Amino acid sequence: MNSTAAGASTPTAAGTVVPVITIDGPTASGKGTVAERVAVALGFHYLDSGALYRLVALRALQLGCSPDDAVALTALARGLQPHFGAGRIVLDGEDVSRAIRTEEVSRLASQVAVHAPLRAALLQLQRSFRQPPGLVADGRDMGTVVFPDALLKVYLTASVPARAERRHKQLMEKGFAASIDALLQDLRARDERDSMRAEAPLRPAQDALLLDSSGLGIGEVVDAVLHWFRQASRRSE
Ligand code: C5P
């Protein structure tokens, strides 16, 4: 979706505020799968904000742009016109759904994400996904920065070994080779970079509900989020 931004809390033409559920958390906490399923259950739109950082990283890689070159990376972010649909991400006519999931792009995405002007350049694009009847957005700063007025904010965590195992399974299913040890190391490095950066660091919003999914199945996590959403909707009536 590339429509103009509906600001963080701008009402629609009909005067209603479009409800947002934010699901933030570290890499491989399961937030993407949970967010997508919650969106389907509610008939809401879905924003995978990490994909936008991955798209910038992919283009940077293709163009030989340094991860430290904030000016060039921000220009790339400004020009981004991705199309999301039917589980595919298309950029400039090319299906990049698979290309943005490699470990190389994952690493680079968390490096380019430290730049404040680049993050600012992606704000409007992210907020443009807020369309009726509602939005489920997953990432690192959805509840703290992008949608501070979200109706429900969830912070999803899981232990590092549980996350490494999930990531390993996901990669194998997609046909990518991966070693658990390398994944553990990489997860720790990305966690540290995402949590320690000055700009929009990974942390729960003050009003977020915390959920540790280590011992839970995906269905249980989805049910918990849907339950919280019903409660929050009733409270807001
Ligand atoms: O969620 P995903 O692993 O696809 O995100 C890739 C990288 O993009 C993360 O490691 C993080 O550094 C960055 N990111 C971010 N803010 C977001 C979403 C992702 O900084 N809202």
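The values are calculated or read from the model by the stated rules, or taken from the named source; none is laboratory data. No experiment lies behind these values; they were computed from the predicted model shown. Heads up, the Cβs are rebuilt from the backbone with ideal geometry, glycines too, and the neighbour counts pull from every protein chain shown. Accessible surface areas use protein heavy atoms only, side chains included; no ligands, DNA or RNA. Shrake-Rupley method; radii C 1.70, N 1.55, O 1.52, S 1.80 Å.
Which count do you get for residues in the range 128-144 that are of a type outside the set (Gly, Ala, Ser), more than 9 Å from the ligand (Cβ to nearest atom) and within 15 Å of Phe44 (Cβ to Cβ)?
So the count comes out to 7.
Quick check, is Ser128 under 19 Å from the mean Cα position of the chain (by Cα) and modelled with pLDDT of 95 or more?
yes
Take residues that are open to solvent by 50 Å² or more (accessible area, probe 1.4 Å) and under 20 Å from Leu42 (Cβ atoms) and tell me which of the helices (runs of 4 or more DSSP H) falling wholly in the range 145-237 contain 1 or more. Break it down stepwise before answering.
Working: elements: 160-173, 180-196, 218-236.
The qualifying helices (runs of 4 or more DSSP H) are 218-236.
Each row is one residue, and each column tells you yes or no for (1) touching a residue at least 12 places away in the same chain (Cβ under 8 Å); (2) under 23 Å from Lys169 (Cα atoms); (3) among the aromatic types (Phe, Trp, Tyr).
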position: Ala28; (1), (2), (3): yes, yes, no
position: Tyr53; (1), (2), (3): yes, yes, yes
position: Cys65; (1), (2), (3): no, no, no
position: Asp69; (1), (2), (3): no, no, no
position: Phe84; (1), (2), (3): yes, no, yes
position: Arg88; (1), (2), (3): no, yes, no
